[in-house]
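Take a look at the structure set out below.
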Amino acid sequence: MKRIFMRESLAFSWLLVLALTGCTHGTAPAAISSSANVVKVRAADLSIPAGGNADATVMLSISPGYHINANPATFPYLIATAVNPGKAEGIIAAKPIYPIAQKEKFQFAEEPLAVYEGEAQIRLPLRVEANAGKGARSLPIELTVQACDTEKCYAPDTLKTSITVDVK
């Protein structure tokens with residue numbers, strides 16, 4: 001009898017832990033201290049012939065329950081998402097092309113805001129100079145973002161990645 005009671009108590013404890021763990025669904029984790037905690041960036045590598053051009057893709061992954069301001073941002077006081085390419089020998093980056101924003105209404109704003117949620121792709125037109133030497137080079141990319149949930153915004157961050165451009 002004692003053994004059955006202990007087994008049932010243990011099973012009940014595990015069920016309670018599982019049930020309470022599920023109660024956090026849809027709420028922001030307490031460990032979020034900056035935008036880097038909820039936004040991840042990566043970029044696809046590409047090959048471009050000397051004298052040619054192509055669009056690089058900078059991909060953003062925004063955690064569920066969060067958003068980042070679009071570019072352009074709805075209001076001047078909001079920090080817009082911005083891709084800032086660095087320099088690489090023989091590579092010329094043009095102005096980034098930002099995706100169409102979603103318009104969302106939040107408790108802290110009187111009117112809908114232009115935001116990105118989930119996955120977003122930013123195109124970065126690249127041109128390789130005609131006299132560029134062949135071979136791979138790394139184009140550094142900085143991404144400025146400010147993540148928010150439905151109630152507040154977090155400290156902005158500058159995330160870094162790079163694009164390997166193989167000049168053919």
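Couple of notes before you dig in:
- Relative contact order %, region 60-133, counting alpha carbon pairs below 8 Å whose residues are six or more apart: 40
- Inter-centroid distance (Cα atoms) of region 60-105 relative to region 145-168, Å: 8
- Taking only the C-alpha atoms of region 29-124, the Rg (one decimal) and the largest Cα-Cα distance, Dmax (whole number), read 15.6, 51 Å.
- The residue among Thr158, Pro49, Leu126 whose Cα reaches farthest toward the positive pole of the charge dipole of region 47-160, with charges on the beta-carbon of Lys, Arg, Asp and Glu, is Pro49.
- Karplus-based coupling profile of region 129-143, in residue order and whole Hz: 4, 4, 9, 5, x, 6, x, 8, 9, 9, 9, x, 10, 10, 10, with θ = phi - 60° in 6.51 cos²θ - 1.76 cosθ + 1.60 and x standing for Gly or Pro.
- Probe 1.4 Å, protein heavy atoms only - accessible area per residue of region 95-166 in square angstrom: 56
- Most to least accessible of Arg127, Arg137 (protein chains only, probe 1.4 Å): Arg127, Arg137
- Set Lys134/Lys160; Lys40/Lys152; Lys95/Lys152; Lys40/Lys95; Lys87/Lys152 screened for pairs whose C-alpha atoms are more than 27 Å apart: Lys95/Lys152; Lys87/Lys152
- Karplus-derived 3J(HN,Hα), 6.51/-1.76/1.60, for each residue of region 158-166, Hz, glycine and proline x: 10, 9, 10, 8, 8, 10, 7, 10, 9
- Summing +1 for each Lys or Arg and -1 for each Asp or Glu among the other residues whose beta-carbon sits under 13 angstrom from that of Gly118 gives -2.
The values are calculated or read from the model by the stated rules, or taken from the named source; none is laboratory data. Nothing here was measured: the structure is a model prediction, and the numbers come from that model. Neighbour counts are summed over all protein chains in view; Cβ atoms, including those assigned to glycine, are modelled from backbone coordinates with ideal geometry. With ligands, DNA and RNA removed, areas are computed over all heavy atoms of the protein, side chains included. Shrake-Rupley method; radii C 1.70, N 1.55, O 1.52, S 1.80 Å.
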